[in-house]
Structures are given as structure tokens and as C-alpha cells.
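Shown next, in C-alpha cells, is the structure this report addresses.
The values are calculated or read from the model by the stated rules, or taken from the named source; none is laboratory data. The model shown is predicted, which means the values in this text are computed figures rather than measured ones. Cβ sites come from the backbone with ideal geometry, for glycine too, and all protein chains shown count toward neighbours.
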Amino acid sequence: MEKMLRGLIILSWNYKVRRLGNCLFNGSCNASRFSLRELSTSRSNRERLGDEFATPFKDISDLLSPAQATEILRANEVSRILTRPGAVKTVEWNQLGSNTPIEDTLAVAHCKPSKGMLFGVFDGHGGPSCAQVLAKRIFPYIATALTHSRKLRSFFSQEHSKDIRNEFLEDVADTVDLVPELHELYTLSLLKYVAEKRKDDSTLLEAIEFDGTSVVNSTIGGDEINDIAASLEEAFLRLDDDLSKEALASRKDQNVALATMTVAMSGAVSSVAHVHNNILSVANVGDCQAVLGTLGEDGRWMTTKLSSEHTVENSKELNRLFSEHPPKEKDSIIVMDRLLGQLMPLRAFGDFRFKWEKAVIQEHAVPHFSKKAVPPNYCTPPYLTARPEIMQRHLSNNDKFLILATDGLWDQLTPSQAVKLVGEHMLGHEALGPLILPPTDVSLGVVHDLLLKRRENLSKRPEDMNVATHLLRHALAGTATGLDHDRLAQLLTMPEDIVRHFRDDISIIVVYFDSEYLLKYPFHAEMAAELA
């Protein structure tokens, strides 16, 4: 009975949020860019599909041919070969939605201050709004945090420019377009952050706050950057704080006010990776995952998780949460495996109804969302944080790729399974190219061994050239005996109200490292341990 009542409360809350979203759509903001569907304060309990999985749909393969299924899987795939010298050689990504619109987002960019690469996957809940804003804004915040204040001092000029993002980044994947009103607001917040970082005087801060006339020039660069781990944490927390301030600020433009409140009441988890020379840094908030694939000297693939899921299944995370609140709240903080009985991730951006003081929620959120905006047993906020857990590693030439993905992939595949699939795909893909013999004279025996190895790898050649699509296909159609087209067809054709119980939105980025480049950086075990 208690579970049923809580379910009704969540459904009622979802209705309130959808209604606010409808108000937003009727204003000047573009609904396709700022949609707000259900505020799913709890994820569906998706059971892993077994080989015996069956649905009410019969002979579905007659309606969806293998070619049609492949077309759906490949609709959003992208491959990029990076020509700039660095540790990253190639990046491939893909997305498959379960929600309409998809609540996942991803981003890839070259970070000009560090001369490194940034990769991120973002999984929204309560609609795509927070994840979209996060994907658009987090990289410039990271670039700002990485840049020394003395470089930021030379970064400003008095010329007018509103495109500060392009001064920090060169986008490789930028899938989000903001409406002009929000673009201006978010640029203003970033300019204020830059000004504070450069320890400028109050005159400049005042100018930025009121008219936004202070701008940037295009002279920034160099290898001298701030501590990467500290910068990632600073950027995450600063952006989350700005999301809060933007939602609480008094505004004449009601469309902007509704948009900022929409972002604040929805939420997102994320996993962001930064690659600088041979240093890989991963900042994680929530239940996205980052997994490193390493080819051992014995030819076996090794899997290294570079993120921890911030859910109730993580005892360390639970202990952290309990330690931040009085002992008497221990039985009410986690109810039915959810934060205050409503939210699955224990760290997230947005979701300020789990962060603001109760009086603030009552003043700013209750008028839009009713009294249900205040979670039950809300005594000692904040209960939620966007502080990332950061893991770093010195890459060696044996480290071949990094997989970043939202939990929709990890619901279907284990990290080891994903690494094996990508590793086999990589070897099979290489086998499709011409056979290259060693530069020196070789014996017939060596040539014979090369041909045998090539034949073995050819047997692994993939159906999909894009490795992210390869992972998608195996996540949905993989069984103990191979790929099952009927199962794939079923999962691709289920009605929206059903499919979310069987698969979530899936976003995947696979980053291939340049082994020859990494050879320039000798790998030392003690250095790796120091970063771990």
C-alpha cells in the first residue's frame, strides 16, 4: 500500500511538471529545445532481459527487417578522426532514445586552455532540459577553471562579443542549440565566472552583471594550466550553483523565468572525461560510467572502471550521505532505494528541491508545482550534491580506448562485456585493411603467423563500422548464442509507454587512443598509483 501511495504521489508530481512545461512551450522559448516531460523522480525498475524474453507482439520481425533495424540503430552514429596531435586518435558516438524526446545528451570538444580533449555524456531525468543545458555549459566552465588567472587577465578586451564559448572550445560534437534569451543569460553567468577567476576589480564585475559589455579576445593558449582534478570539481560545483541562482533570480521575462525553473526542477547525471597529454581524468556525478579498455601483453582485454555509481548500491556513497545528516534521519533519507523515497541518483545536477532550504522551495517552487515540490521528511537540506567523484590515470600505450555511456547501456552490458566487444570490433576493423608486413626481411613462418592472426581477426569483423552502434546492437540483441534479430526488432518497435520499462535512453562515446603518441610518455606504475 505504501509503495502504491508513493507511486501516486510521483505521478501527481509528474503532472505538475508537465503542466509547467506546457506553459513554457506556449511562450517564446522553443519547445523542441526546452521540452519538459515527466519529472521521473524515480527510475523504472528495469529487469535485465533474458533470452526467453517475450512480448505480446507476434512475428514482429515481419514488420521490421534487419535492414530497417540497422537503419534505426545507425541514425545518430558519428565517427571523427582527430588530426590534431595528441593522445586521442578517433572518437565515435551514437544515441538511441527510449523517451520522446530523448533525455540523454552528449558533447565532445577540444579544450583550448589545456590543449586537451573533453568528452561528456549527460543523462537527464524529469525531461531533457537539465541535461541539455549541462552539455552546453559544462565544458566552458571546465576551461575557465583550468586557466590560470594571469592568462584570463589577458583574455578580456573591451570589444563586444557574446561568443565566449568559441574562445575556450573547438566543438566536435555540440548537439544543443539554446534559444537567444537563455544563450544571453548563460553567457552572462560565464563572463561573471571568468571575471571572478581573473580576480578583476569590482568595476568589471559590475559591468558584466548589468550590461554584459565586457568581452574576450582570441588570445588564450599554452600548456600551463591549473590542477585538473581541482578544476573539474570547481567547474561542476560552480555551474550547479549558477543553475540555482538563475532559477531564483527575479525576472521580467516570464519565459526565461519558467525556463530556468524548469532546468532547476529537473536534473541530470553525467560523466565527463578530460585527456591532457597522457593524463586521463574522469569526473562523475550519478550513475553514468567510464570504462577503460587495456590490451594486456598476453592479448587479453583488461577492464578498468574509472567511475563509481552514486546509488544506494554503493555502500561508500550511502555512508557519505548518512554522515551529512543527523542519525535520527537514517531511516527516512533512503526509502525504497531512493533519496527521500523519490530520487534514484545520490548525486546530480539540478534537482534543487533536494538542495534548497524548505522555505526557498515553498516560495519559488510550490507556486508552480504545488506542495508536492517539498519532498517528504525534508529536515536538513541539502540532501543532494553535484560534487563529482574524480579518478585519474596515466595512460600507457597498452590503454586502447575509453567508453563513456549513460546507464541505459550498463543496464544491458557489464563493463567487461563492453570492453570485449569494443576490443574485438577494433581488431576486426583493423583486419579489413591491407596486410602490412614488417619493414625488415621476414621468414615464411612469420608471414604464416601474420596470416593466421589476420584470419582470426577477420572472423571478428563487425557488422557495424561505428563501434558505438556495435555496442548498441549487442546491448539490445545480444544473447548467449549470438545476436537475436527478433529481440532487437521487439525492443525497437515497442510503444513508448512500454519500452521505457525494458530499456532506457542510451548514449555512448568511444574514444580511441593513439598508441604511438602515448609511447612518448613512459608509463610508471608508481605514477599510476599516485593518481588512483
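Tabulated values for the structure
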{"item": "Subset of the stretch 69-126 that is touching a Gly at 6+ places or on another chain (Cβ under 8 Å), crowded, with 17+ Cβ neighbours inside 10 Å and outside any strand (DSSP E or B) - its residue that is modelled with the lowest pLDDT", "result": "Pro113"}
{"item": "The lone exception for Met265 - which of (1) in contact with a helix residue (DSSP H, G or I) (Cβ under 6 Å, 6 or more places away or on another chain); (2) crowded, with 22+ Cβ neighbours inside 10 Å; (3) more than 30 Å from Gly423 (Cβ to Cβ) it fails", "result": "(1)"}
{"item": "Among the candidates Lys372, Lys400, residue that is touching a Ser or Thr at 6+ places or on another chain (Cβ under 7 Å), modelled with pLDDT under 95, charged (D, E, K, R) and within 30 Å of Asp505 (Cα to Cα)", "result": "Lys372"}
{"item": "Test result for Val275, touching a Phe, Trp or Tyr at 6+ places or on another chain (Cβ under 9 Å), assigned to a strand (DSSP E or B), surrounded by 19 or more Cβ atoms within 10 Å (Cβ to Cβ) and among the aliphatic types (A, V, I, L, M)", "result": "yes"}
{"item": "Residue check for Ala386: surrounded by 20 or more Cβ atoms within 10 Å (Cβ to Cβ), farther than 30 Å from Ile508 by Cα and of a type outside the set (Phe, Trp, Tyr)", "result": "no"}
{"item": "Hits in the stretch 233-259 (condition: touching a Pro at 6+ places or on another chain (Cβ under 7 Å) and buried (at least 23 other Cβ atoms within 10 Å of the Cβ))", "result": "Phe236"}
{"item": "Residue list for the stretch 320-366, restricted to those being aliphatic (A, V, I, L, M) and in a loop (DSSP other than H, G, I, E, B)", "result": "Met336, Leu340, Met344, Leu346, Ala348, Ala365"}
{"item": "Meets criteria (part of a loop (DSSP other than H, G, I, E, B) and either at pLDDT 90 or above or of a type outside the set (Asp, Glu) (or both)) for His501", "result": "yes"}
{"item": "Condition broken by Asn284, with the remaining ones in (1) touching a residue at least 60 places away in the same chain (Cβ under 8 Å); (2) part of a helix (DSSP H, G or I) satisfied", "result": "(2)"}
{"item": "Any hit, the stretch 333-356, residues being of a type in the set (S, T, N, Q) and surrounded by fewer than 22 Cβ atoms within 10 Å (Cβ to Cβ)", "result": "no"}
{"item": "Residue check for Val312: in contact with a helix residue (DSSP H, G or I) (Cβ under 7 Å, 6 or more places away or on another chain), crowded, with 24+ Cβ neighbours inside 10 Å, of a type in the set (Val, Ile, Thr) and modelled with pLDDT of 95 or more", "result": "no"}
{"item": "Residues of the stretch 283-305 classified as under 19 Å from the mean Cα position of the chain (by Cα), more than 19 Å from Ile506 (Cβ to Cβ) and surrounded by fewer than 24 Cβ atoms within 10 Å (Cβ to Cβ), total", "result": "1"}
{"item": "Filter result for the condition that a residue is of a type in the set (Gly, Ala, Ser), under 20 Å from Gly350 (Cα atoms) and touching a helix residue (DSSP H, G or I) at 6+ places or on another chain (Cβ under 8 Å), over Ala257, Ala249", "result": "Ala249"}
{"item": "Criterion violated by His310 - all others in (1) closer than 27 Å to Asp411 by Cβ; (2) part of a helix (DSSP H, G or I) satisfied", "result": "(2)"}
{"item": "Answer from Pro462, Pro439 - the residue that is more than 30 Å from Leu340 (Cα to Cα), at pLDDT below 60, part of a loop (DSSP other than H, G, I, E, B) and not aliphatic (A, V, I, L, M)", "result": "Pro439"}
{"item": "Scan of the stretch 171-192 for residues that are over 20 Å from the mean Cα position of the chain (by Cα) and not small (Gly, Ala, Ser), ordered by number", "result": "Val179, Pro180, Glu181, Leu182, His183, Glu184, Leu185, Thr187, Leu188, Leu190, Leu191, Lys192"}
{"item": "Unique match (being over 27 Å from the mean Cα position of the chain (by Cα), among the charged types (D, E, K, R), modelled with pLDDT of 95 or more and more than 30 Å from Met426 (Cα to Cα)) among Glu357, Glu317", "result": "Glu357"}
{"item": "Exclusive hit being at pLDDT 95 or above and more than 25 Å from Cys288 (Cα to Cα), set Ser189, Ser154, Ser161", "result": "Ser189"}
